[in-house]
Amino acid sequence: MKLPFRDTYDDLFRDFSWDIPDKFNIGKAVSDDWAQREPERICLQHFDPEGKHLSFSYGELSEQSASLANGLRAIGVHPGDRVALLLPQGFETVIAHVATYKMGAIALPLALLFGAEALEYRLRIAGAKVIVTNAFGLSRLEEVRERLPALEHVVLVGDDDKAGTIAFEHLVKAHPAVFEVADTGPHDPALMIFTSGTTGPPKGALHGHRVLIGHIPGMQMAHEFLPQPGDRVWTPADWAWAGGLLNALLPGLLLGVPVVSSPAQKFDPHMAFRIMAEMKVRNAFIPPTAMRLLKVVERPRESYDLALRTIGSAGESLGRKTYEWAQTALGLTVNEFYGQTECNFVLSSMTTLGVSKAGPIGKAVPGHRVAIVSADGEVLPPGETGQVAVARPDPVMFLGYWQDDKATEAKFVGDWMLTGDQGRMDEGGYIEFLGRDDDVITSSGYRIGPAEIEDCLLGHPAVQLAAAVGKPDPVRTEIVKAYVVLAPGHVPSDGLAAELRNWVKTRLSMHEYPREIAFIDDMPLTTSGKVIRRELRQRSVLEATGS
Ligand code: ATP
Ligand code: MG
């Protein structure tokens with residue numbers, strides 16, 4: 001399933017083909033298969049702010065996940081049951097994932113940042129039978145537990161004496177470290193991940209064990225033939241998000257590359273650099289909003305001893321400005337890539353093979369057929385705007401939305417899975433992201449993607465984060481309104497707003513500039529760090545009606 005070594009992208013694309021085995025189990029592949037060969041090999045290194053970093057081996061992972069699988073079976077978990085994982089980055093989280101896959105149960109990762117309501121929604125829809133969490137997660141859960149009749153057990157990490165819970169440690173210690181892994185095929189369900197909920201209610205995307213195999217070419221592209229000697233993967237993103245789990249943790253484990261874990265916290269740029277320096281991170285996955293927040297650290301290369309070889313970024317548009325900033329400030333060209341929970345990691349850049357441009361995302365990852373199609377599934381020629389679409393079958397493609405065949409069906413036109421994102425392909429096969437369907441602004445007959453406006457604003461030294469939305473307007477249908485978070489040391493003023501309007505007006509076409517600018521202290525972000533433009537759009541409507 002690995003990419004062949006080739007000197008050009010075209011050769012790489014042409015010479016790669018999938019080799020999906022008849023039997024495949026994620027849990028076995030990321031633990032036992034390594035443990036049999038090299039039990040001492042390091043799979044995880046945990047960053048401790050006090051400097052007491054811990055290392056864990058594949059041997060430990062293999063045994064402890066076997067014990068936990070036996071323990072989960074003993075409390076009544078069967079293949080196909082949903083096991084919710086509400087945990088921060090850490091070794092127990094990996095053990096719980098691996099145990100779930102080994103049993104043939106379905107892992108349901110949940111972010112600790114979720115409020116009680118968000119948590120209840122996902123647990124209820126998924127019908128989770130067991131949840132593995134920590135004291136913090138338990139405090140959230142207590143508010144909603146009685147409304148979740150399907151939830152039979154709470155397994156608690158780090159606290160062994162709490163009423164109504166089963167201690168994780170006890171479950172591991174009390175059961176044998178040998179477990180016969182479920183005889184799963186690649187298309188058997190392994191994982192349910194809810195989408196980020198950026199545009200509406202989050203949907204549970206169900207994936208087969210094959211999903212991990214499907215991620216390897218993309219990982220190898222964005223991280224320049226990962227694994228190379230000394231490689232070490234880290235992401236500040238929550239492992240509960242498709243990005244954190246499938247663009248960092250699981251591929252790292254599968255490829256035998258140590259993964260660095262770090263405690264949950266609000267993203268802190270100084271801490272991020274500290275983690276990368278102290279843990280000698282070589283391959284970072286840093287989503288665009290986090291990349292933009294890194295800019296507050298001046299001269300990072302002088303202040304931190306960085307060992308970075310590759311940086312990948314995805315989840316939102318990276319944009320030219322952030323791409324160029326990283327080249328100057330970090331001395332590295334970020335490889336942007338693209339995917340969604342339903343069908344992840346299908347486009348990427350790969351700088352060493354010359355696939356990299358400021359602006360567009362990149363090209364199709366070997367093994368995936370990606371095109372720009374019209375609403376009725378017609379493939380559009382280069383230069384035309386349409387839906388970014390992926391052809392089935394594809395191992396990264398979801399099996400379907402959980403118990404929602406209608407929504408699953410609506411995602412396809414023929415064999416094309418529509419992403420709901422607008423894009424354009426150039427003659428060279430680069431795909432440019434214009435915006436999500438719902439985020440595209442209609443003004444005076446023009447269709448305007450927010451990405452370009454936001455990127456332009458980010459080029460102004462006073463701007464740290466920017467989001468452009470369409471505000472309803474009686475004459476123009478919508479006008480472009482930009483919400484701006486200022487960089488440290490800058491204060492809002494009418495003068496600055498006028499300057500920013502002019503900044504865009506003179507750089508992009510006349511119809512694209514934001515007629516209104518609002519300064520805000522915090523950008524509304526999903527737990528995966530994505531701008532929720534829907535919320536800003538609603539805010540702009542309220543402002544327009546004066547309520
Ligand atoms: P929901 O579907 O619930 O609204 P979501 O789409 O944000 O949530 P994810 O599946 O985590 O949830 O995100 C996938 C989406 O993120 C893509 O469809 C696309 O809109 C955006 N995205 C991912 N990578 C990029 C990128 N490189 N450039 C621009 N947008 C990206
Ligand atoms: Mg989506």
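The values are calculated or read from the model by the stated rules, or taken from the named source; none is laboratory data. This one's a predicted model, so the numbers in the text were calculated from it and none came from an experiment. Positions of Cβ are backbone-derived with ideal geometry, glycine not excepted, and every protein chain shown enters the neighbour counts.
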Within the stretch 437-547, considering only helices (runs of 4 or more DSSP H) that don't extend past its boundaries, which have at least 1 residues that are of a type in the set (S, T, N, Q)? 494-505, 533-545
Part of a strand (DSSP E or B), more than 12 Å from ligand 1 (Cβ to nearest atom) and among the small types (G, A, S), is that true of G386? yes
Given the conditions (1) buried (at least 19 other Cβ atoms within 10 Å of the Cβ); (2) among the hydrophobic types (A, V, I, L, M, F, W, C); (3) within 16 Å of ligand 2 (Cβ to nearest atom), every one holds for A410 apart from (1)
So L44 clears everything in (1) over 19 Å from I131 (Cβ atoms); (2) assigned to a loop (DSSP other than H, G, I, E, B) except one condition, right? Which one? (2)
Working only within the stretch 398-409, note down all residues that are within 19 Å of D437 (Cβ to Cβ) and either aliphatic (A, V, I, L, M) or part of a strand (DSSP E or B) (or both). Y401, A407
Cβ-Cβ below 7 Å, separation at least six or inter-chain, first residue in the stretch 411-429 and assigned to a loop (DSSP other than H, G, I, E, B), second of a type outside the set (D, E, K, R) and within 16 Å of ligand 2 (Cβ to nearest atom): which pairs? K411/M417; K411/L418
Does E432 qualify as being in a loop (DSSP other than H, G, I, E, B) and at pLDDT 95 or above? no
Output for the stretch 331-367, where each listed residue is free of Cβ contacts under 8 Å to residues at least 60 places away in the same chain and more than 14 Å from ligand 1 (Cβ to nearest atom): G331, L332, T333
Please pick out the residue among R501, R424, R436 that is more than 16 Å from ligand 1 (Cβ to nearest atom) and of a type in the set (D, E, K, R). R501
What is the residue count in the stretch 121-169 for residues that are under 23 Å from P79 (Cα atoms), aliphatic (A, V, I, L, M) and outside any helix (DSSP H, G or I)? 13
Checking the conditions here, which among A177, A182, A126 is within 18 Å of G104 (Cα to Cα) and within 16 Å of ligand 1 (Cβ to nearest atom)? A126
Collect the residues in the stretch 196-246 that are closer than 18 Å to W18 by Cβ, of a type in the set (V, I, T) and away from ligand 1 (no atom under 14 Å from the Cβ), keeping them in residue-number order. I213, I216
